[in-house]
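Comments concern the structure below.
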Amino acid sequence: MKYVILISFLWLLAASCGRHVNAAKTGTVSVADTGQFTPGKIWNDDKAEIINAHGGGILFANNKYYWFGEKRGRSASEGVNVYSSTDLYHWKFEALALSPNYTDTTSDIAAGCVMERPKVIYNSSTHKYVMWFHLELKGKGYSAARAGVAVSDNITGPYIFLHSFRPNGNMSRDMTLFKDEDGNAYHIYSSRENYDLRIVKLTPDYLSATTEDKMLFSNHREAPALFAYNKKYYLITSGCTGWAPNKASVHEAESVWGPWTELAYNPMEGADANITFGAQSTFVLPVAGKNDRFIFIADKWNPRNLKDSRYIWLPVRFRNMQPVVQWMDEWNLSFYNTNN
Ligand code: GAL
């Protein structure tokens with residue numbers, strides 16, 4: 001018994017030292033240390049490394065959340081990382097889900113290409129995980145404006161790159177995927193030099209675009225994040241100012257095809273609401289097991305060191321059935337027990 005107590009004591013001591021080492025290494029207490037979301041602060045993974053998953057999206061599968069996002073160096077695009085979590089606070093690094101191609105210089109994803117805003121959905125007919133992302137070809141800046149598609153039998157990959165294209169000939173930059181309750185899935189994308197926001201329905205295997213393709217609105221918007229609540233669809237977007245933050249807007253519709261109506265208020269509230277708290281939308285996550293509870297996810301870009309861009313996670317509230325995101329320095333999921 002004495003030994004059990006001694007070993008437990010030593011284990012606790014080691015664990016708490018580990019936490020302090022993490023905090024000392026980063027100079028900032030991260031979410032994993034506090035069990036709270038601390039928007040804009042450093043957020044480390046299970047190995048005490050900065051979570052490197054920008055412009056990301058999250059898929060809930062097999063009772064876990066999987067966070068896919070851009071792996072960035074200071075500016076380099078290094079593929080798509082995936083992390084997993086059971087509680088949304090603690091994230092385990094799983095893998096480089098999709099790697100640039102380092103051997104074939106003729107590949108669309110040859111090293112030096114840019115992969116942004118990856119999103120993954122599961123196809124229950126083919127039993128495959130399908131990733132779409134914004135692809136820019138090596139050495140061509142942002143002029144290629146293509147959608148890329150990759151597929152895997154396993155959620156954490158490795159994902160096999162299939163093809164890249166402009167859906168129905170339309171430029172495709174910032175994007176997201178949305179899988180509706182009926183199993184239909186859509187690619188929502190900024191087109192025509194980002195002036196138009198478009199939607200295209202995916203083929204039943206989700207691997208290609210159909211010709212059902214429509215312009216939603218032409219307001220010069222990007223960074224789309226689409227979610228469904230109470231029989232309505234909501235679409236949060238940003239303006240087009242590159243890495244610099246700007247004011248978000250929210251549109252509402254009864255069908256993904258529209259008509260989409262812009263709601264006449266800023267969905268962000270609190271300090272810096274006019275610049276989306278210094279960040280740019282990427283995804284709205286439905287919280288599993290909590291009906292109609294959502295987390296707004298945005299990137300606080302750091303163009304001098306993209307890897308160290310921070311994450312803003314905040315709860316979505318509904319006021320008169322309209323979504324609002326209020327700034328909070330810190331919060332946790334018990335927020336939803338007392339607020340809507
Ligand atoms: C933003 C876009 C980001 C990235 C950046 C490059 O407008 O949302 O995903 O492409 O431009 O400047």
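For segment 76-95, indicate whether the set of residues that are polar (S, T, N, Q), assigned to a strand (DSSP E or B), more than 16 Å from the ligand (Cβ to nearest atom) and over 21 Å from GLU49 (Cβ atoms) is non-empty. Checked segment 76-95: no residue is polar (S, T, N, Q), assigned to a strand (DSSP E or B), more than 16 Å from the ligand (Cβ to nearest atom) and over 21 Å from GLU49 (Cβ atoms). Can you say whether TYR189 is more than 20 Å from the chain's Cα centre (by Cα), under 25 Å from TRP313 (Cβ atoms) and either more than 16 Å from the ligand (Cβ to nearest atom) or not hydrophobic (A, V, I, L, M, F, W, C) (or both), as far as the supplied structure shows? So TYR189 fails the test.
Across segment 83-114, what is the number of residues that are touching a helix residue (DSSP H, G or I) at 6+ places or on another chain (Cβ under 6 Å) and over 20 Å from TRP67 (Cβ atoms)? Can you show your working first?
Step one: filter segment 83-114 for residues touching a helix residue (DSSP H, G or I) at 6+ places or on another chain (Cβ under 6 Å), giving 89-90.
Filter once more, keeping what is over 20 Å from TRP67 (Cβ atoms): none.
Selection size over segment 83-114: 0.
Taking segment 275-292 as the range and being closer than 18 Å to GLU222 by Cα and out of contact with any strand residue (DSSP E or B) (no Cβ under 8 Å at 6 or more places or on another chain) as the test, only ILE275 passes. In the set GLU70, GLU116, only one residue is in contact (Cβ under 8 Å) with a residue 40 or more places away in the chain, open to solvent by 10 Å² or more (accessible area, probe 1.4 Å), within 16 Å of the ligand (Cβ to nearest atom) and closer than 28 Å to PHE178 by Cβ; that residue is GLU116. Pairs linking a residue in segment 270-289 that is more than 16 Å from the ligand (Cβ to nearest atom) to a residue that is among the polar types (S, T, N, Q) and assigned to a loop (DSSP other than H, G, I, E, B), with Cβ atoms under 7 Å and 6 or more positions apart or on different chains, are ALA273/ASN266; ASN274/ASN266.
Conditions tested, residue by residue: (1) part of a strand (DSSP E or B); (2) touching a Ser or Thr at 6+ places or on another chain (Cβ under 9 Å); (3) open to solvent by 50 Å² or more (accessible area, probe 1.4 Å); (4) of a type outside the set (A, V, I, L, M).
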{"site": "GLU252", "(1), (2), (3), (4)": "yes, yes, no, yes"}
{"site": "VAL256", "(1), (2), (3), (4)": "no, no, no, no"}
{"site": "PRO259", "(1), (2), (3), (4)": "no, no, yes, yes"}
{"site": "ALA264", "(1), (2), (3), (4)": "no, no, yes, no"}
{"site": "ILE275", "(1), (2), (3), (4)": "no, no, yes, no"}
{"site": "THR282", "(1), (2), (3), (4)": "yes, yes, no, yes"}
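Residue count for segment 290-328, restricted to those that are open to solvent by 60 Å² or more (accessible area, probe 1.4 Å), assigned to a loop (DSSP other than H, G, I, E, B) and within 16 Å of the ligand (Cβ to nearest atom): 2. If I filter segment 170-178 for residues that are away from the ligand (no atom under 16 Å from the Cβ) and outside any strand (DSSP E or B), do I get at least one hit? There is at least one residue in segment 170-178 that is away from the ligand (no atom under 16 Å from the Cβ) and outside any strand (DSSP E or B).
On the stretch given as segment 196-211, residues that are open to solvent by 10 Å² or more (accessible area, probe 1.4 Å) and among the aliphatic types (A, V, I, L, M) total 2.
What about ASP182, is it modelled with pLDDT of 95 or more, away from the ligand (no atom under 16 Å from the Cβ) and open to solvent by 60 Å² or more (accessible area, probe 1.4 Å)?
Working: modelled with pLDDT of 95 or more: yes; away from the ligand (no atom under 16 Å from the Cβ): yes; open to solvent by 60 Å² or more (accessible area, probe 1.4 Å): yes.
Yes: the conditions hold for ASP182.
The values are calculated or read from the model by the stated rules, or taken from the named source; none is laboratory data. Computed from a predicted structure; not experimentally measured. Backbone-built Cβ (ideal geometry, glycine too); neighbour counts: all protein chains shown. These area figures cover heavy atoms from the full protein model, side chains too; ligands, DNA and RNA do not enter into them. Shrake-Rupley method; radii C 1.70, N 1.55, O 1.52, S 1.80 Å.
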